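Everything below concerns the one structure shown next.
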Amino acid sequence: MTQTISARFRLDYGDFRFDADLTLPGSGITVLFGPSGSGKTTLLRCIAGLQRSPHGFLSVNGKIWQDSARNIFLPTYQRALGYVFQEANLFPHLNVYRNVCFGLKRIGKRPADAGLDPTIELLGIGHLLDRMPARLSGGERQRVAIARALVLQPDILLMDEPLAALDFQRKQEILPYLTRLHQELDIPVLYVTHARQEVAKLADHLVVLREGRVQAEGPLTETLSRLDLPQAESKQAAMIWEGRIAAHESDFHLTRIDCAGIELSMPLIDAPVGTPVRVQIFARDVSVTLAAPQATSILNVLPATITGMADSSNGQTVLRLKVGSLPLLAHITSKSRQLLNLQIGNSLYAQIKGTSILN
């Protein structure tokens with residue numbers, strides 16, 4: 001069976017029209033990204049059956065949930081899905097354990113048969129089971145809400161900006177648990193956000209929405225490296241590389257990361273050698289030179305090839321580089337591009353400050 005999600009929906013709300021036609025991976029985390037009002041939540045509600053598109057089709061890993069041409073529309077309660085909202089919406093009169101198990105009676109499962117213990121361990125809520133919701137932090141409440149969705153053993157997990165209501169500290173508290181979902185869940189996750197940090201930490205596949213239309217979609221690095229999208233020119237433009245910790249240089253508070261054979265030095269990461277990591281490299285922190293520098297404070301000097309260029313109206317040029325097999329973006333001035341006579345296909349060196357790389 002082909003593991004894909006096929007979703008086609010068209011809706012009209014007066015002056016706003018939503019029109020999406022997507023084929024998404026049937027596993028991993030797909031992030032729906034875009035500004036407020038772009039249609040992210042509308043897409044999620046259509047998939048959940050909370051919003052009915054008169055012209056719609058939806059299949060989840062081979063199971064048809066909607067096909068308007070054949071008058072098929074499964075109501076939400078017949079769709080094997082978990083839904084996590086911005087607010088945890090826990091039942092205030094039930095403790096954590098009873099909140100997590102609340103939906104199991106509806107599907108006729110006992111806690112032991114629903115994989116309750118692995119879910120509790122995955123989200124780190126074992127010590128919270130006897131607590132009432134009023135005694136939980138915002139991050140703890142959301143972890144309980146995610147556990148409540150997962151014990152139903154859904155075919156798909158929908159998450160609508162689950163960190164939006166949390167302050168910065170609580171977001172940092174819950175992100176490691178969401179990363180564990182990314183690493184350990186077999187089911188597909190559709191995750192709505194407009195926060196770039198969440199895209200960088202979680203996304204395998206990226207869908208960019210704008211004004212009710214799909215502006216771009218594809219694997220994360222492929223989509224981030226597209227020069228025809230506005231985010232390539234943004235000050236927040238960045239590439240995500242995946243790798244493993246190769247070594248620590250504790251005396252210098254540095255960690256070396258191996259990303260597909262490319263080694264990077266960056267600030268010390270408190271994790272064992274071999275741990276998988278994602279690193280974020282902002283285009284604004286990448287400079288280029290035609291010759292290998294003989295003496296420089298820059299720790300990461302990497303041979304690269306120019307695979308694309310785009311000039312913006314503000315005197316900036318965006319370079320798309322290939323470093324080994326990995327894409328990389330660099331922001332330089334248009335004057336620098338002209339002085340260096342840069343052309344697509346040129347070989348050069350990308351320079352990245354170790355202190356600027358984020359994990």
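The values are calculated or read from the model by the stated rules, or taken from the named source; none is laboratory data. Computed from a predicted structure; not experimentally measured. Heads up, the Cβs are rebuilt from the backbone with ideal geometry, glycines too, and the neighbour counts pull from every protein chain shown.
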Matching option when the condition is surrounded by fewer than 21 Cβ atoms within 10 Å (Cβ to Cβ) and within 16 Å of Leu220 (Cβ to Cβ), among Pro25, Pro35: Pro25
Restricting the stretch 335-359 to residues that are within 18 Å of Phe282 (Cα to Cα), among the polar types (S, T, N, Q) and not in a strand (DSSP E or B), the residue that is modelled with the lowest pLDDT: Asn359
Any chance Gly82 is crowded, with 19+ Cβ neighbours inside 10 Å and more than 23 Å from the chain's Cα centre (by Cα): no
Scan of the stretch 198-219 for residues that are within 13 Å of the chain's Cα centre (by Cα) and without any contact (Cβ under 8 Å) to a residue 24 or more places away in the chain, ordered by number: Gly218, Pro219
Pair list, Cβ < 9 Å and 6+ apart or interchain, from the stretch 179-191 residues that are within 17 Å of Asp160 (Cα to Cα) to residues that are of a type in the set (Lys, Arg): Thr179/Lys201; Thr179/Arg278; His182/Lys201
Selection count where residues are among the acidic types (Asp, Glu), part of a loop (DSSP other than H, G, I, E, B) and free of Cβ contacts under 8 Å to residues at least 60 places away in the same chain, scope the stretch 228-262: 0
